[in-house]
Structures are given as C-alpha cells and as structure tokens.
Amino acid sequence: MSKKTAWEGYNEAQLKEVFEFSEGYKEFISECKTERECVKRVIKEAKKAGYRDLKQVILNEGVLEAGDKVYVNNMDKAVALFLIGNEPIEAGMNILGAHIDSPRLDLKQNPLYEDTELAMLDTHYYGGIKKYQWVTLPLALHGVVVKKDGTKVDIVIGEAETDPVVGVSDLLIHLSGEQMDKKASKVIEGESLNLLVGSIPLQGEEKNAVKANILKLLKDKYDIEEEDFISAEIEAVPAGRARDYGMDRSMIMGYGHDDRICAYSSYKALLELEESKKTSVCLLVDKEEIGSVGATGMHSKFFENAVAEIINCTEDYSEILLRRAFQNSKMLSSDVSAAFDPNYPSAMEKNNSAYFGKGLVINKYTGSRGKSNSNDANAEYVAQLRNIFDRNNVAYQTAELGKVDQGGGGTIAYILANYNMEVIDSGVALHNMHAPWEIGSKADLYEAKKGYVAFLKEA
C-alpha cells in the first residue's frame, strides 16, 4: 500500500504522462454527459483501435480467434468491448466493469408548460442527489428525440459559448425564513425542480403564448413537435466543461466523475492491449444509480447474451462453457469511492479512508452498516491484486465508504459476483460525490488506468 502520495514518486516524464492523460479525460467528460454520448464516443475510439461490431462478425464470417477485437452495443446506452484471449474463454475473462450513468434531472414525458407568462420544463430527478444543490446553476439539455417515423434528433443546448442555458430558480434570501427552517432534504422538493426556459410570447398567440414561442424555436431548429417529447430522453446536466481544480492543477472538477472517471480509465486501459492471455473485457453499463435495473442495466441479460455469442464464434457453444466462462472470471468493479475531506472529518474513519493522490482505491466491501448488500471480496483475490499492483508499481490504497453507521452505498459488484466469479470494487476517490460538480485527483485517475492495464494483463 502506498503510504506517500503518488505525486512524490513521479519523475518529470511521468508527471507529463499524468497531465496528458488528464487532458484527454477532461475532454471526454466535457463532451459525454449522457450514457448515449459515452457509448457513441467509446465505439468511435474502439473502431479506430480495430474493434468490430459483433453483429457484423456473426453475419459475415461468424468466427473469432485470439487477438480479435469486437464490441457489443446495447440500445446505445451500454457497451461491452472484448479482446479475445489466447486461452479458451471458459478459462475465464478479466473484466473491467463501470457505469456511465450519472445523477441528473430528466425531463418528464409531458414537460413543457406555461405559468404566469413563463415557459417551464417539468423534471424528475434521477439517482441520489441533494436537491438543493441543483438550483441556481446553469444547466444544459442533452438527449435524443425519436419521432414517430423513427427519425432520431440529437439535442444539445447550453454547451457552446453562444448557447443559452436553463436552470432551476431558488427563493431569494429576503423571503426564505420558512424555507431556511426546513430539513436539507425538504428545502427543495422534487416537484419544484422545474426549469425556466423562456419568457417571450409568440406574436399573435393569445393563450400560452410563451410556451408557443418555445415550441416554435424547437420546430425551427430541430423540426420536432410537442408530442415528440413523449418519445424523448432529455437530461438536464450542469453546463460547461471540466476544469483544472486547485492552484497546482492537481485535480479535475467536472460533472459525472461518478462513474465516468472509472469508465474512461477502463476502456483506455483495454485499448492499450493488442493481445491478452485471457479474454479481456471492458463493460460499461447504464442505470447503476437507480439499482442497475432495466434492459441497459447490469441486471439485464445483455452481458450474458454477449458472452454466449462470443463463445459461439470461438467454438461449439454449450451452456456449460458459458457457466465456466463466468465462474472462472475475475472482475474489477471500477467504481468511485469517497475521498477523505478535512471539511467533514466526522463522517470518515481516517485509518480506513481513501485520500487524494494515493492512487487506485480497493474497496473489499461496500454496502451499508453491517455490510448489507455488499460483495465482500475473498482475501485470496485481494492478495492476488496486491501482488499484481506491486509488481507493476501501481499506487493503490484500501478504503471503506465512511464510518460504519454513517451510511454507505453499492455498486454493480454483487451482480457479477452472482455468477460466482471473483469481484472487488476498485476505482477513484472523489470529493462532492453525486453533486453537480465533483472533484477527483489527476494522479488517482492515472494510477487507475495503470492498475487496470496490469490487471488485464496478469490476473
């Protein structure tokens, strides 16, 4: 375990690598603020690295051999990358699994309305948030509208410097006496997270003229109608790009570190490999923030089906081969952890906390209180990872998610552990987790990628 910070061990060339890798990540989280945007970006980069669509492989030659690279796109909101290994897949896979969804405000299916000559968009928050953090912020709208004829229209409003932004208003301090007496969980209610989007009435309209003007703007720019909101997925997210944080530029402030900081380092690690002893996998999924449910979440059969197809392209498929492939696999559930914050020391236990700059975090278990809903990794697996990381000079640390009775949280680790594979949580520590703007260390991001590469090569 690294007692010193990773920064203290870098030479000039390594420092340059840390900052260069961070620049690529800043671009990624600035451009990819939804699951769909992440999947599109990952597939684009994977194709450049020689990855092919598994569907096309099946339709054409239908055969995969060691060294082949394929990807599987699940509804544009989850993706799996496979580097076929030299060993048969039933010997197990080395899997990096992360999620690409983040807390946000989703537009409801009938969101647009007018109240007192102001046009508003109704939202439903997604994931665990402190609702009061989402008021008075400049927000951007990202998403897709699918029209009845199947046409998809991508929406991004609020990111360009010349774009307008939207937001949720708050009550002025002069009138907030009653509001300030409320519990933090009640200061802002979920149904009050409505976006203000316009105030100019459309000439010639007598009823809901401001709403009509917004609809006209949407029609003119995107050729969509009000009813098209019914089949849309539009997310309100913090507007603006990721920034260097700290006077020494050692950290990154950005939206969606949880869990795109681990997703980025995971897929970048896999793309570094040209061959692998075992089949190496990067699995990026949706819906972790709401329980990993649904067709694009980890609880779906998407990944299992993809592995079955891979087996069918490498040898004669059988159910027992599929079961062996999963049971013999090892996984890093690449998800973020909580970094010790000197502003809030009472929530943490110092000897078992993660710290900025001390590298990749290993969480043997997450869950809450008495380890409820956790995957508690085997000591043998932890020892193997220690050996791998030490041999490859990876800075790493161990941690729990705060004090025992303070709260807790979970990841996708327990879902993959249901296949009887070895799984452990391993990611990057953050400040402000689930806030609109989260903070992470550049050194920890870099060490995560190093650790993931070492795991894929040697586990």
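The values are calculated or read from the model by the stated rules, or taken from the named source; none is laboratory data. Remember, predicted model here, so these are calculated numbers, not experimental data. A quick note on method: Cβ atoms are made from the backbone with ideal geometry, for glycine too, and the neighbour counts reach across all protein chains shown. For accessibility, only protein heavy atoms count, side chains too; no ligands or nucleic acids. Shrake-Rupley method; radii C 1.70, N 1.55, O 1.52, S 1.80 Å.
For this structure, a couple of remarks:
- Neighbours by Cβ (under 9 Å, 6+ apart or cross-chain): first from the stretch 174-199, in contact (Cβ under 8 Å) with a residue 60 or more places away in the chain; second open to solvent by 60 Å² or more (accessible area, probe 1.4 Å) and hydroxyl-bearing (S, T, Y): G190/Y125; L193/Y125; N194/Y113; N194/S169; L196/S169
- Qualifying residue in the stretch 355-363 (condition: open to solvent by less than 20 Å² (accessible area, probe 1.4 Å) and over 22 Å from the mean Cα position of the chain (by Cα)): no
- Considered as a group, the residues in the stretch 366-405 that are in contact with an Asp or Glu (Cβ under 9 Å, 6 or more places away or on another chain), open to solvent by 80 Å² or more (accessible area, probe 1.4 Å) and modelled with pLDDT under 95 include one that is nearest to E304 (Cα to Cα), and that residue is R369.
- Selection within the stretch 265-290 - open to solvent by 10 Å² or more (accessible area, probe 1.4 Å), within 26 Å of N94 (Cβ to Cβ) and out of contact with any strand residue (DSSP E or B) (no Cβ under 6 Å at 6 or more places or on another chain): K268, L271, E272, E274, E275, K277, K287, E289
- Consider the stretch 73-114 and keep the residues that are open to solvent by less than 10 Å² (accessible area, probe 1.4 Å), among the small types (G, A, S) and not in a strand (DSSP E or B). The one that is nearest to C313 (Cα to Cα) is G85.
- Checking the stated criteria, K44 turns out to be modelled with pLDDT of 95 or more, within 26 Å of the chain's Cα centre (by Cα), assigned to a helix (DSSP H, G or I) and exposed (fewer than 14 other Cβ atoms within 10 Å of the Cβ).
- Qualifying residues in the stretch 323-379 (those that are among the aliphatic types (A, V, I, L, M) and assigned to a loop (DSSP other than H, G, I, E, B)) - the one nearest to E458 (Cα to Cα): A377
- Any pair with Cβ under 9 angstrom, 6 or more apart, that starts in the stretch 376-396 at a residue that is farther than 12 Å from I362 by Cα and ends at one that is loosely packed, with under 15 Cβ neighbours inside 10 Å: N393/G9
- In the stretch 153-186, the residue that is nearest to D220 (Cα to Cα) out of those that are surrounded by fewer than 11 Cβ atoms within 10 Å (Cβ to Cβ) and either touching a Cys at 6+ places or on another chain (Cβ under 7 Å) or among the charged types (D, E, K, R) (or both) is E161.
- Among residues of the stretch 141-153 that are farther than 18 Å from P103 by Cα and in contact (Cβ under 8 Å) with a residue 40 or more places away in the chain, those with a Cβ under 9 angstrom from a residue that is assigned to a loop (DSSP other than H, G, I, E, B) and open to solvent by 50 Å² or more (accessible area, probe 1.4 Å), sequence gap 6+ or separate chain, pair up as V145/T151; K147/D223; K147/E225; V153/D223.
Conditions (1) closer than 22 Å to V135 by Cβ; (2) open to solvent by less than 20 Å² (accessible area, probe 1.4 Å); (3) modelled with pLDDT of 95 or more; (4) not hydrophobic (A, V, I, L, M, F, W, C), marked per residue:
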| site | (1), (2), (3), (4) |
| --- | --- |
| L202 | no, no, yes, no |
| E206 | no, no, no, yes |
| N213 | no, no, yes, yes |
| F229 | no, yes, yes, no |
| A232 | no, no, yes, no |
| A242 | yes, yes, yes, no |
| G246 | no, no, yes, yes |
| I261 | no, yes, yes, no |
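- Search result, residues across the stretch 124-152 that are open to solvent by less than 80 Å² (accessible area, probe 1.4 Å), closer than 17 Å to D228 by Cα and more than 21 Å from the chain's Cα centre (by Cα): V145, V146, K147, G150, T151
- Complete set of residues in the stretch 1-34 that are in a helix (DSSP H, G or I), in contact (Cβ under 8 Å) with a residue 24 or more places away in the chain and basic (K, R): K26
- Residue in the stretch 291-304 that is surrounded by the fewest Cβ atoms within 10 Å (Cβ to Cβ), counting only those that are of a type outside the set (G, A, S) and within 20 Å of K330 (Cα to Cα): K301
- Scan the stretch 409-433 for residues that are over 17 Å from the mean Cα position of the chain (by Cα) and acidic (D, E) and the total you get is 1.
- First in the stretch 410-422 and in contact (Cβ under 8 Å) with a residue 24 or more places away in the chain, second anywhere and of a type in the set (F, W, Y) and in a loop (DSSP other than H, G, I, E, B), Cβ under 9 Å, 6 or more apart: A413/Y365
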